[in-house]
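Starting off with a structure, shown below.
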Amino acid sequence: MVNLVLTAPLEKAVATDNLEDTINYATVYEIVKREMAIPSKLLEHAAGRIMTALKNAFPELQETELKLSKLNPPFGGDVYSASVILSETYS
């Protein structure tokens with residue numbers, strides 16, 4: 001499961017109502033889907049790849065927070081999920 005918060009300047013999109021002036025959520029979805037299709041041993045590694053790919057695709061990003069969860073992890077107990085949260089502020 002992926003939870004994602006992206007912070008970017010949105011003033012232009014508010015004024016223009018043009019998709020080109022904001023973060024395209026369909027593109028975000030495709031980036032996350034592509035990165036999640038790559039096998040990884042660690043949630044941290046997959047999360048880092050997603051964050052790097054998003055920043056490369058959307059240089060206007062100011063901040064990203066990503067929570068990546070593995071449902072039913074193989075812990076040998078009744079555990080719903082294990083998660084990692086990465087956040088980064090870009091200057």
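Please count how many residues of the stretch 61-82 are surrounded by 14 or more Cβ atoms within 10 Å (Cβ to Cβ) and more than 11 Å from the chain's Cα centre (by Cα).
Matching residues across the stretch 61-82 total 5.
Sticking with this one: Here are some residues: K12, K55, K33. Which one is assigned to a helix (DSSP H, G or I), without any contact (Cβ under 8 Å) to a residue 60 or more places away in the chain and over 18 Å from the mean Cα position of the chain (by Cα)?
On the way: K55 fails: over 18 Å from the mean Cα position of the chain (by Cα); K33 fails: over 18 Å from the mean Cα position of the chain (by Cα).
Exactly one residue qualifies, and that residue is K12.
When the stretch 1-53 is examined, which residues are found to be small (G, A, S), over 15 Å from S69 (Cα atoms) and surrounded by 14 or more Cβ atoms within 10 Å (Cβ to Cβ)?
Initial filter on the stretch 1-53 (small (G, A, S)): 8, 13, 15, 26, 37, 40, 46-48, 53.
Pick out the ones that are also over 15 Å from S69 (Cα atoms) and you get 8, 13, 15, 26, 53.
Passing the criteria: A8, A13, A53.
While we're looking at this one, here's another question. When you look at S87, is it open to solvent by 50 Å² or more (accessible area, probe 1.4 Å), modelled with pLDDT of 95 or more and assigned to a strand (DSSP E or B), yes or no?
yes
The values are calculated or read from the model by the stated rules, or taken from the named source; none is laboratory data. Keep in mind the model is a prediction, meaning the values are calculated, not measured. Note: ideal-geometry Cβ built from the backbone for every residue, glycine included; neighbour counts use all protein chains shown. All accessible areas refer to the heavy atoms of the entire protein, side chains included, with ligands and DNA or RNA removed. Shrake-Rupley method; radii C 1.70, N 1.55, O 1.52, S 1.80 Å.
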